[in-house]
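Comments concern the structure below.
The values are calculated or read from the model by the stated rules, or taken from the named source; none is laboratory data. Please read all numbers here as calculations on a predicted model, not as lab measurements. Counting neighbours? That spans all protein chains shown, and the Cβs are built from the backbone with ideal geometry, glycine included.
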Amino acid sequence: MGVLTRRVPVARVGPALLCAAVLGALILFAAIRVDAPLLWGGLSLLTGGISVIALSRLALVRRESDRRAVTDGLTGLADRARFRETSRRALAGGERSGRLSAVLVLNLNGFKQVNDTLGDDGGDLVLVAFAQAMRASVPPWGVPCRLGGDEFAVVLPDLDFPEQAYDVAGAVTSVLSPVVVDGRLVPLAASIGIAVSGPGELTHDLLVHRADVAMRRAKRLGPQTRWAVWQESFEQDTPAAA
């Protein structure tokens, strides 16, 4: 295959080079004398610019890959790994600032029946609808997560009062309404457990345990959406998770 040569002024090549670098591919043929230091210097400057662009694109790709690695593929919410990381970071921040942290654990009511009746695809639509309701009701400083199956959670950092966590649970309750799946009206309800940690009081595992115990207590109250705040007495009379 022959090599095409063409003398091209660097000033004219520059924009083409930069544009082509953004698009991701470029073949440039130029005949430049070795004794033309100005042109070589110009090309060196251009290739430096291309390297910066390439590295910037690589950084964007890596950031997107990192985001997907901690995002639930079905709902787009944070996944269990990010939930754990965010909760631990919230507790550490609360210990430094003297503020409260809270975790909500949410479990859909009657989801097994939905899956049995409508199949996995119908169940997925219900999970997505629930995730959308969470996004609409969790404040910007909270992090809604899907832990797996029909179990969800919310991390609430930097609270001044426990009642702020209760308000979020109430907001989730208020936006849940039946959804239509394959022409059928499917109730959307959840049991919500709340646990709050003072500065340096609880570990991530203990905080989540308490929220889970409170969620199971709320589930015992009936099929409608209910929420409960962890109390010591719940540990004695709440059945262990299956």
Tell me yes or no: at least one residue of region 152-160 is in a helix (DSSP H, G or I), in contact (Cβ under 8 Å) with a residue 40 or more places away in the chain and closer than 17 Å to residue 85 by Cα. no
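Output yes when any residue across region 167-174 is farther than 18 Å from residue 75 by Cα and crowded, with 20+ Cβ neighbours inside 10 Å, and no when none is.
So far as region 167-174 goes, yes, one or more of its residues are farther than 18 Å from residue 75 by Cα and crowded, with 20+ Cβ neighbours inside 10 Å.
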Pairs returned, first residue in region 190-206 that is over 10 Å from residue 104 (Cβ atoms) and of a type outside the set (Ser, Thr, Tyr), second residue that is surrounded by fewer than 14 Cβ atoms within 10 Å (Cβ to Cβ) and modelled with pLDDT of 95 or more, beta-carbon separation under 6 angstrom, 6 or more apart or interchain, are 199/98
| message | Checking the structure you have, find out if any residue of region 83-96 is buried (at least 18 other Cβ atoms within 10 Å of the Cβ), part of a helix (DSSP H, G or I) and in contact with a Cys (Cβ under 6 Å, 6 or more places away or on another chain). | response | yes
Look at residue 171 and say whether it is assigned by TED's automatic domain parsing to the domain that holds residue 117 and closer than 26 Å to residue 121 by Cβ.
-> no
Counting only residues that are over 26 Å from residue 117 (Cα atoms) and outside any loop (DSSP other than H, G, I, E, B), region 177-221 contains a total of 17
